Amino acid sequence: ENTTIIAASNPSVTVTSGQKAILSCIFNRIDEYLSSYQLIWIRQSRAAYDADLILAHNQDLLIVDDRLNVQRTQNDYKLTLTDVTVDDEGTYACEVNTPTPQKSFIHLYVQGKNLLCF
């Protein structure tokens, strides 16, 4: 069975530096097995020689960053970043460990605050 189980609710999210970003993946299929699947949030590496960073596993954050929060409901899996900086910009992925793991990607764009130049 090759059904899409998880999909980004919005493949592109744009916020201004200092704001909150909510990255969300929606479950396209709800079944009794879904609760047994492991979910992870990944931050894709910007450079080919760097490893991707696993941010969260199910409801647990795997990195120490007070700005991050992860929530899993029956319908979706959300990663919230508060006080976003331009360093947070990049590609994030939610992955579900179905027999053939599925990933969905979200690109976070961060705009710098408008600075007045004199």
Share of Cα-Cα pairs in the chain lying beyond 16 Å, as whole percent: 61 percent
Per the 1.4 Å probe, what fraction of the accessible area of the chain, in percent, lies on carbon and sulfur atoms? 50 percent
At most 14 other C-beta atoms within 10 Å and a DSSP loop state: those are the exposed trypsin sites (Lys or Arg not before Pro) I care about. Give me the longest piece of the chain that has none. 68-112
Percent relative contact order for the chain, counting Cα pairs under 8 Å at least six residues apart, stands at 35 percent
Taking placed amide H atoms and a strict 5 Å upper bound, the residues 5 or more places from residue 102 or on another chain that come that close are 96
Any lysines with Cα under 29 Å of the residue 113 Cα? List them, leaving off those in the same chain fewer than 8 positions away. 20, 78
Simple spin-label model, 7 Å along Cα-to-Cβ: residue 10 to residue 44 in nm? 1.9 nm
Length gained when the stretch residue 103-residue 54 is fully extended (0.36 nm per residue, less Cα-Cα span): 16.3 nm
Multiply the residue separation of residue 71 and residue 3 by 0.36 nm, subtract the distance between their alpha-carbon atoms, and state the gained length in nm to one decimal. 22.1 nm
Whole-Å distance linking the alpha carbon centroid of the range 93-107 with that of the range 9-24 is 19 Å
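The values are calculated or read from the model by the stated rules, or taken from the named source; none is laboratory data. Note that the structure is predicted; figures quoted are calculated from it, not measured. All Cβ positions, even for glycine, are placed from backbone atoms using ideal geometry, and neighbour counts span all protein chains on display. Accessible surface areas use protein heavy atoms only, side chains included; no ligands, DNA or RNA. Shrake-Rupley method; radii C 1.70, N 1.55, O 1.52, S 1.80 Å.
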